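*Asks:* Can you keep this structure in mind? I'll have questions shortly.
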Amino acid sequence: MEPILSARGLVKRYGRVTALDHADFDLMPGEILAVIGDNGAGKSTLIKALCGAVNPDEGEIRLEGQVMNFTNPMQARNAGIETVYQNLALSPALSISDNMFLGREIRKKGLAGSVLRMLDRGAMEKRARDKLSELGLMTIQNISQAVETLSGGQRQGVAVARAAAFGSKVVIMDEPTAALGVKESRRVLELILDVKKRGIPIILISHNMPHVFEVADRVHIHRLGRRLAVINPKEHSMSDAVAYMTGAKVPEGAVAA
Amino acid sequence: MEPILSARGLVKRYGRVTALDHADFDLMPGEILAVIGDNGAGKSTLIKALCGAVNPDEGEIRLEGQVMNFTNPMQARNAGIETVYQNLALSPALSISDNMFLGREIRKKGLAGSVLRMLDRGAMEKRARDKLSELGLMTIQNISQAVETLSGGQRQGVAVARAAAFGSKVVIMDEPTAALGVKESRRVLELILDVKKRGIPIILISHNMPHVFEVADRVHIHRLGRRLAVINPKEHSMSDAVAYMTGAKVPEGAVAA
Amino acid sequence: MSQPQEFEKVLTGSVTTVAQFEDHKSGLKRLQHFLHSSPAMVPLIVLLALILFFGIAKGEKFFSAYTLTLIMQQVAVVGILAAAQTLVVLTAGIDLAIGVIMVLSFVIMGNMVVSYGMPAGVALIAGFLVAGFCGWVNGFLVSKLKLPPFIVTLGTWNIIMAICLIYSENATMREADVTAATPWLHIFGISFKIGPAVVTLGVLAMIGLYVVLWYMLNYTAFGRHIYAVGDDPDAAELAGIRTSKVLTATYTLAGLIAGLAAWVSIGRNGSISPSTVVTDFNLQAITAAVIGGISLFGGRGSILGVLFGTLIVGVMSMGLNMLNADPQWKVLLTGVLIIGAVAIDQWIRKVSG
Amino acid sequence: MSQPQEFEKVLTGSVTTVAQFEDHKSGLKRLQHFLHSSPAMVPLIVLLALILFFGIAKGEKFFSAYTLTLIMQQVAVVGILAAAQTLVVLTAGIDLAIGVIMVLSFVIMGNMVVSYGMPAGVALIAGFLVAGFCGWVNGFLVSKLKLPPFIVTLGTWNIIMAICLIYSENATMREADVTAATPWLHIFGISFKIGPAVVTLGVLAMIGLYVVLWYMLNYTAFGRHIYAVGDDPDAAELAGIRTSKVLTATYTLAGLIAGLAAWVSIGRNGSISPSTVVTDFNLQAITAAVIGGISLFGGRGSILGVLFGTLIVGVMSMGLNMLNADPQWKVLLTGVLIIGAVAIDQWIRKVSG
Amino acid sequence: QEVSACLITKTDTNPFFVKMKEGAEAKAAELGVTLKAYAGKVDGDHDSQVAAIESCIADGAKGILIAASDTKAIVDAVKKAQEAGMVVIALDTPLDPAEAADATFATDNLEAGRLIGAWAAATMGDGAKDAKIGFLDLVPSQPTVDVLRDQGFMIGFGIDPKDPNVIGDEDDPRIVGHDVTNGNEEGGRKAMENLLQKDPEINVIHTINEPAAVGAYQALKAVGRENDVLIVSVDGGCPGVASVKDGQIGATSQQYPLLMAALGVEAIKKFADTGEKPQPTPGKAFFDTGVALVTDKPAAGVDSIDTAKGTELCWG
Ligand SMILES: Nc1ncnc2c1ncn2[C@@H]1O[C@H](COP(=O)(O)OP(=O)(O)OP(=O)(O)O)[C@@H](O)[C@H]1O
Ligand SMILES: Nc1ncnc2c1ncn2[C@@H]1O[C@H](COP(=O)(O)OP(=O)(O)OP(=O)(O)O)[C@@H](O)[C@H]1O
Ligand SMILES: [Mg+2]
Ligand SMILES: [Mg+2]
């Protein structure tokens, strides 16, 4: 089977720092691919390169077999790649619903919408509230609150809800549950399985091993800026995965997986 | 036994939003107290109120039995309360060592230090590197890198290392392991136990139940802006705790714990 | 695939209602909440306080419909420029060229009718086109070359000022000559009386502009994008906003608004004088915006606040003038009042927390 | 107490060395890394390019030690003010009053010796005290009342300007009168020749000031705190910096530096003229800072860059003077050069990424 | 031998100095002198003028024509130029002291003010005793021209100016007030509106220049008083003279920048050729290029020319 999204030999250097060191990557259609690795291994840089937020110094990226070097995130989004960034990419002073619909606002029906281009505040707020409730985020009292006034977890919920609301060709989630509570994390996992059911492949970056091993079809282990191995979570234990990613053990021939 | 840090009836409202709704709090000497609760339950606001970063509308705070309403974080710090904030409180453009030693810089020995007030860059960088290595953060290549260029986990490591480096009367950590990898999280738990051994009590906010139940002496469950219950992790299961904090079950008489 | 951890299984029973707290609404609390949710009202309070202050000090002379409408006439041009400036400042930029764009625009409008004998329509279109083009150049340099807005507009300020002087040879066009050619350029000078109040079309244009921009900023996608870009450009870009398009559009729009200011200014002044380039419109416009509560760091503030900010400055200057201060003392008192007004503003915000 | 989870037990074996990657150092890469780690060098390159450009255009006349040192003399006062401005801008503020503080300070120094017959020492102390006090007032209003720096310093700008004009009755003090009273006020005007180069003590004062401030900003705690406060005031406060103290100290220091500028200015101009208040020192100082790579949003940039930024502006204006351009064209070219210089700067930064 | 000269004006935005520059350029071309022009950024920008003088020295020019922004402070820089062997000629405004320049070709601004003051008093006749006078000045910092014209008007009108170096210390009850205009239409209109707020009965207006006067006229027209207020001004630019003809301005004192410039360039050329310096007008410290009162309503006892003649002599 052809990978839907793949990369070969990605390199990214920042001055004296090397973030990606000839990294490879493959995402198969319809799968949940987990990416794990130490802090600073280069996971976020990798996915930022995939979706155009970072321009790699070397290497090539293919979407459905075609070379596609995105130079900005808009291009990736238009190509159907939706991303939850680790730093969330929310506008602090804007409200929750403004943030959820940024760049895809809903306009009023009729003349007000087509001529006066008036936004349908009510509809956006309602949909935002629904999406958040789906995630189990029941503590948000005021839906027109500025995002900067939300708690860390509420903020992350908004970012996840946004990506989930606009399903597309590939969904990338960089540590979507890091700040979330037990209940909210569980809902995100359910949501990921939901998205998969719709046939959309997902890249999930996470440090939570039980979660990773629960939902992932394959696990990409990243170490020191490159892909160390790809393992099958049914064949390897969590301990193996952790040992590989921290350098305690070296995987054998696992790259071919 | 007298609590070392306690609060009664704390209230904090932001416009239409209620963050704290008559919350109580007690920290006993030498203990590790975990604070758990849904996203947006008011945990961060609670500890910000305790350390002066937020001024509560009502309620009183006592440190070692004396009423102490801090109006800014400096006062709390001078009283010996060291905090890792959820939003980390790092200066993005400054380097790692600058951030670690912000406000407690090391000066050169001799005239250069006393008269010219020259900073000892070398010493600070060395100590910063050591602290990070203790946390297992081995991926930081350049210690004079700006914090904004670090990965999410590296950044959190810096904040935790800073609080740990300056042990004092009370250490508060708001989700210190949220962005950390498996290895780094483990080190932070070890560090917390270390601090406890030095006799310093710790407040740990976390959504990671296994971690909480591993290290905590008591667990404060926060729900809808107030303390719902305090439970003993040896007497209650994780399931109980999760059920209480999400409202699935109501604890009986646990507040007295 | 492994199973959820044990403790996660109890979640099915968790509460599913949105958190709510009882509201204790005393009158004061209500006011607080109102101010908290509509920060543009704070400068309005300051404005009213200031009017009251001078009204008490000078009695009817100040507190008359005539005087108050006169103030509106005096601030119309600056008010329009302040609106343009506000858009740019909301994107975390600054437009030092806005004043000279206006001057170039009215010089061109005037020259078209007086020197080249063009019809008024053509002259106006030419004026607006040039103004919009100047704005577009700023936007292009800021968004594509990623130069700091301060430097870009400092540069174009100089360039446009020089072009304006060289092109016009510094020649003033007299009102009589303009009127002889067309009445259209003076249309915003037309005034009508409602009792003692005197309202010019220029004043109405300013108010109309603010209403339109307020609508645009709050009820259209473009408006929200302006805020998002100013608030955090990286986040906006990642969230899928074409920041460079938004920036270019904003600067261009600011230029076009300067074109409107040019037209209104011809109406107010009658004659058309290129040496107006030296007038410090930038500082006045930025001051009005900041007093109105716009953050120079972008992304925060309401444009209605700027309308009140403009009026605050106008009321101050008229009030001081009626208090019979001589020009040097007026400068001093203006300084004191500016700080005072914003201090009160800040205090109200704090109390309404 | 429960046990660590199963998979956490393998961690004992994890690698404990710091990550390292091989370095491929070609010459170009080295240059890139150098520029990447010392961004202040970028304006230096632009400066050298500009000197070369005018040197080629005008030959020896421009490219002489005399002309180049003359440029230094011309920019000394603005350079000192730009240093003060830089400190304030680094805290994410702006000091519109810095120019008039200098003027008030030299008017006081002059009046002390000429009108009141005080000794030079007393005059200088009085001048510095007033300058520092003005700065302190700005700092107090910004840090304690939490007013926007733009508004605070706009207010004090007006107030100080008016005080200066009212107090001095706009009377210029002649060089001869000042010299008759004391030689000390003119000390920074003393020049000595090294071959054709002419160096004044004022120029040395400027350079010395930059060195001291560079040291302070990079090698003392206070300097790092200035950056931290400008970078993210909330984070700095939480991290345990008394932001309001840092702000007050910074504005006060800026005032004192304006006092130094006053002294140097007396040396350069000989006479003391209160009407200097109209000169646009603010814009010049901010321009130098921004061209030198300081971000108006605070917390970023190197003060050495500002020294080069000041010189870039000086070289431009001297170069254009020598090119025999007519004043209006000079304005135009200044605009083009400002944008050009910063565009090159940005380009180098991008390439050295 | 090639002769090069510098012209340093106060600003390059004020039409007066722009015309002066054009006049100088024309004369220079005629005499074969290379002329470089410099200007300050705003009125009062002393620093740019000093830098300009330094550039001229570095350039090796033979002479400098300067319209000084700060007539006292510039003296030191002028001295340096003279030491470098140049002839320095003050245009428009004499230096302080006037002898600091090698020669001065200037308008007597006090006389200019005095003429319009005297004309206004004569035109009003008995009404002058209880006139209500407004002064539309230049800027708060009170530069020399501002003071001379303002105080000159008072002398001409018969008001005691007290200290003739300071505006605003007078106590004559006929003075309604002073306001500043920045010398342009916008400022003129606003200042007029302000003064009308102080006293709507105002009936005489002194304006610093014609743009300010035109602005004041607009403000008066808006309240329907354009026909019963006397506006006087200084400058004599062509649009200004046309405004006098239209009756918007009652009278204006005309000055002659082209003449100043031409005389200045000639003097430098002569100095370069012969080393000879020009002589001042007898009885004055400088060579007065003259002012003429332009009005179509001549008043007894005040010499004036009509607008036809004024239009002939106007400068742009
Ligand atoms: N703009 C930058 N400048 C310099 N170094 C950078 C920059 N961005 C990332 N890096 C470095 O690149 C490396 C990889 O960072 P990245 O964010 O990809 O890590 P990560 O695997 O996502 O880690 P985490 O699990 O902590 O999120 C880190 O060492 C980081 O310091
Ligand atoms: N400045 C503010 N303005 C308005 N609402 C606020 C502000 N700060 C916090 N809140 C609200 O107060 C509530 C409690 O927030 P808090 O940050 O204390 O939650 P938390 O328990 O720490 O959650 P998390 O686990 O997600 O970090 C949230 O609903 C949040 O939206
Ligand atoms: Mg990451
Ligand atoms: Mg929290």
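The values are calculated or read from the model by the stated rules, or taken from the named source; none is laboratory data. These figures come from a predicted structure and were not determined experimentally. Quick reminder, even Gly has a Cβ in these numbers, built from the backbone with ideal geometry, and neighbours come from all protein chains shown.
*Asks:* Go over the candidates D:Leu311, D:Leu307, D:Leu323 one by one and state the one that is more than 8 Å from every other protein chain (Cβ to nearest Cβ), more than 20 Å from the chain's Cα centre (by Cα) and not β-branched (Val, Ile, Thr).
*Replies:* Exactly one of D:Leu311, D:Leu307, D:Leu323 is more than 8 Å from every other protein chain (Cβ to nearest Cβ), more than 20 Å from the chain's Cα centre (by Cα) and not β-branched (Val, Ile, Thr), namely D:Leu323.
*Asks:* Being more than 16 Å from ligand 3 (Cβ to nearest atom) and at pLDDT 90 or above is the requirement here; does A:Gly65 meet it?
*Replies:* Answer is no for this residue.
*Asks:* In segment D:177-197, what count of residues is obtained for those that are over 24 Å from D:Met109 (Cα atoms) and buried (at least 17 other Cβ atoms within 10 Å of the Cβ)?
*Replies:* 0
*Asks:* Using beta carbons and a limit of 8 Å, which pairs, at least six apart or on different chains, have the first residue in segment B:72-86 and aliphatic (A, V, I, L, M) and the second one within 16 Å of ligand 3 (Cβ to nearest atom) and modelled with pLDDT of 85 or more?
*Replies:* So the pair list comes out as B:Val84/B:Ala159.
*Asks:* In addition: Output the number of the condition that A:Thr83 fails; it satisfies all remaining conditions of (1) closer than 27 Å to A:Lys169 by Cβ; (2) more than 16 Å from ligand 2 (Cβ to nearest atom); (3) among the polar types (S, T, N, Q); (4) not in a strand (DSSP E or B).
*Replies:* With respect to (1) closer than 27 Å to A:Lys169 by Cβ; (2) more than 16 Å from ligand 2 (Cβ to nearest atom); (3) among the polar types (S, T, N, Q); (4) not in a strand (DSSP E or B), A:Thr83 is out only on (4).
*Asks:* Turning to a different aspect of this structure: Please state which one of A:Ala179, A:Ala243 is within 16 Å of ligand 4 (Cβ to nearest atom) and of a type in the set (A, V, I, L, M).
*Replies:* After ruling out the rest, the residue left standing is A:Ala179.
*Asks:* Follow-up. Every residue in segment A:46-67 that is within 9 Å of ligand 1 (Cβ to nearest atom) and under 27 Å from A:Arg198 (Cα atoms), please.
*Replies:* A:Leu46, A:Ile47, A:Lys48
*Asks:* Applying the selection to segment D:226-258, what residues are in a helix (DSSP H, G or I), facing chain B (nearest Cβ under 7 Å) and over 18 Å from the mean Cα position of the chain (by Cα)?
*Replies:* D:Ala228, D:Asp231, D:Ala235, D:Ala236, D:Glu237, D:Leu238
*Asks:* Restricting to segment D:289-336, what's the tally of residues that are out of contact with any helix residue (DSSP H, G or I) (no Cβ under 6 Å at 6 or more places or on another chain), surrounded by fewer than 24 Cβ atoms within 10 Å (Cβ to Cβ) and part of a helix (DSSP H, G or I)?
*Replies:* The total comes to 3.
*Asks:* Right, something else. Say whether the condition of being under 26 Å from E:Asn209 (Cβ atoms), at the interface with chain D (Cβ under 9 Å from one of its Cβ atoms) and without any contact (Cβ under 8 Å) to a residue 12 or more places away in the chain is met by at least one residue in segment E:31-43.
*Replies:* No: zero hits.
*Asks:* Condition test on B:Gly42, is it within 18 Å of the chain's Cα centre (by Cα) and within 16 Å of ligand 2 (Cβ to nearest atom)?
*Replies:* yes
*Asks:* Oh, and also: Is it the case that segment C:148-169 has a residue that's under 21 Å from the mean Cα position of the chain (by Cα), away from chain D (no Cβ under 14 Å) and either surrounded by 21 or more Cβ atoms within 10 Å (Cβ to Cβ) or within 21 Å of E:Gly224 (Cβ to Cβ) (or both)?
*Replies:* no
Condition check ((1) more than 23 Å from B:Thr177 (Cα to Cα); (2) among the hydrophobic types (A, V, I, L, M, F, W, C); (3) assigned to a loop (DSSP other than H, G, I, E, B)) across all residues:
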residue: B:Asp21; (1), (2), (3): yes, no, no
residue: B:Glu60; (1), (2), (3): yes, no, no
residue: B:Phe70; (1), (2), (3): yes, yes, yes
residue: B:Asp98; (1), (2), (3): no, no, no
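*Asks:* Continuing with the same structure: Select from segment B:1-19 the residues that are outside any strand (DSSP E or B) and either in contact with a strand residue (DSSP E or B) (Cβ under 9 Å, 6 or more places away or on another chain) or more than 8 Å from ligand 2 (Cβ to nearest atom) (or both) and write down the one among them that is farthest from the other protein chains (Cβ to nearest Cβ).
*Replies:* Filtering first and then ranking leaves B:Glu2.
*Asks:* For residues that are part of a loop (DSSP other than H, G, I, E, B) and either within 16 Å of ligand 3 (Cβ to nearest atom) or within 20 Å of the chain's Cα centre (by Cα) (or both), tally how many sit in segment A:136-178.
*Replies:* Of the residues in segment A:136-178, 10 are part of a loop (DSSP other than H, G, I, E, B) and either within 16 Å of ligand 3 (Cβ to nearest atom) or within 20 Å of the chain's Cα centre (by Cα) (or both).
*Asks:* Hey, another quick one. Just for segment B:179-206: of the residues that are more than 24 Å from A:Pro210 (Cα to Cα) and either assigned to a strand (DSSP E or B) or within 14 Å of ligand 1 (Cβ to nearest atom) (or both), which one is farthest from the other protein chains (Cβ to nearest Cβ)?
*Replies:* The extreme case among them is B:Ile203.
*Asks:* Please indicate, with yes or no, whether at least one residue in segment E:194-213 is away from chain C (no Cβ under 11 Å), buried (at least 24 other Cβ atoms within 10 Å of the Cβ), touching a residue at least 40 places away in the same chain (Cβ under 8 Å) and over 25 Å from C:Thr276 (Cβ atoms).
*Replies:* yes
*Asks:* For residues that are surrounded by 23 or more Cβ atoms within 10 Å (Cβ to Cβ) and aliphatic (A, V, I, L, M), scanning just segment B:124-137, find the one that is farthest from ligand 2 (Cβ to nearest atom).
*Replies:* B:Ala128
*Asks:* Also, quick follow-up: Between A:Gln156, A:Gln145, which is in contact (Cβ under 8 Å) with a residue 40 or more places away in the chain, within 11 Å of ligand 2 (Cβ to nearest atom) and more than 28 Å from B:Met238 (Cα to Cα)?
*Replies:* Only one candidate qualifies: A:Gln145.
*Asks:* Among the residues of segment C:259-281, write down those that are surrounded by fewer than 24 Cβ atoms within 10 Å (Cβ to Cβ), within 7 Å of chain E (Cβ to nearest Cβ) and assigned to a helix (DSSP H, G or I).
*Replies:* The answer is C:Val278, and nothing else.
*Asks:* Also, I was wondering about something else. Restricting to segment A:23-47, name every residue that is of a type in the set (Gly, Ala, Ser), in a strand (DSSP E or B) and within 11 Å of another protein chain (Cβ to nearest Cβ).
*Replies:* The one that is of a type in the set (Gly, Ala, Ser), in a strand (DSSP E or B) and within 11 Å of another protein chain (Cβ to nearest Cβ): A:Gly37.
*Asks:* A follow-up question, please. Does any residue in segment A:98-123 that is at the interface with chain C (Cβ under 8 Å from one of its Cβ atoms) and surrounded by fewer than 19 Cβ atoms within 10 Å (Cβ to Cβ) come within less than 8 Å, Cβ to Cβ, of a residue that is part of a loop (DSSP other than H, G, I, E, B) and of a type in the set (Gly, Ala, Ser) six or more places away or on a different chain, and which pairs are these?
*Replies:* Note: pairs meeting the criteria are A:Gly103/C:Ala239; A:Gly103/C:Gly240; A:Arg104/C:Gly240.
*Asks:* What number goes with the only condition from (1) more than 8 Å from every other protein chain (Cβ to nearest Cβ); (2) in contact with an Asp or Glu (Cβ under 7 Å, 6 or more places away or on another chain); (3) modelled with pLDDT under 90 that A:Leu132 does not pass?
*Replies:* Of the numbered conditions (1) more than 8 Å from every other protein chain (Cβ to nearest Cβ); (2) in contact with an Asp or Glu (Cβ under 7 Å, 6 or more places away or on another chain); (3) modelled with pLDDT under 90, the odd one out for A:Leu132 is (2).
*Asks:* Across segment D:289-332, what is the total count of residues that are of a type in the set (A, V, I, L, M), farther than 21 Å from D:Ile45 by Cβ and modelled with pLDDT under 90?
*Replies:* 4
*Asks:* For residues that are small (Gly, Ala, Ser) and assigned to a loop (DSSP other than H, G, I, E, B), scanning just segment A:207-257, find the one that is farthest from the other protein chains (Cβ to nearest Cβ).
*Replies:* Going through the qualifying residues, I end up with A:Gly253.
*Asks:* A further question on this structure: Yes or no: E:Asp70 within 14 Å of chain D (Cβ to nearest Cβ), assigned to a loop (DSSP other than H, G, I, E, B) and closer than 25 Å to E:Ala24 by Cβ?
*Replies:* When the stated conditions are applied, E:Asp70 passes them.
*Asks:* Next up: Please go through (1) small (Gly, Ala, Ser); (2) farther than 29 Å from D:Leu11 by Cα; (3) within 16 Å of ligand 1 (Cβ to nearest atom) for B:Ser114 and return the number of the only condition it doesn't satisfy.
*Replies:* (3)
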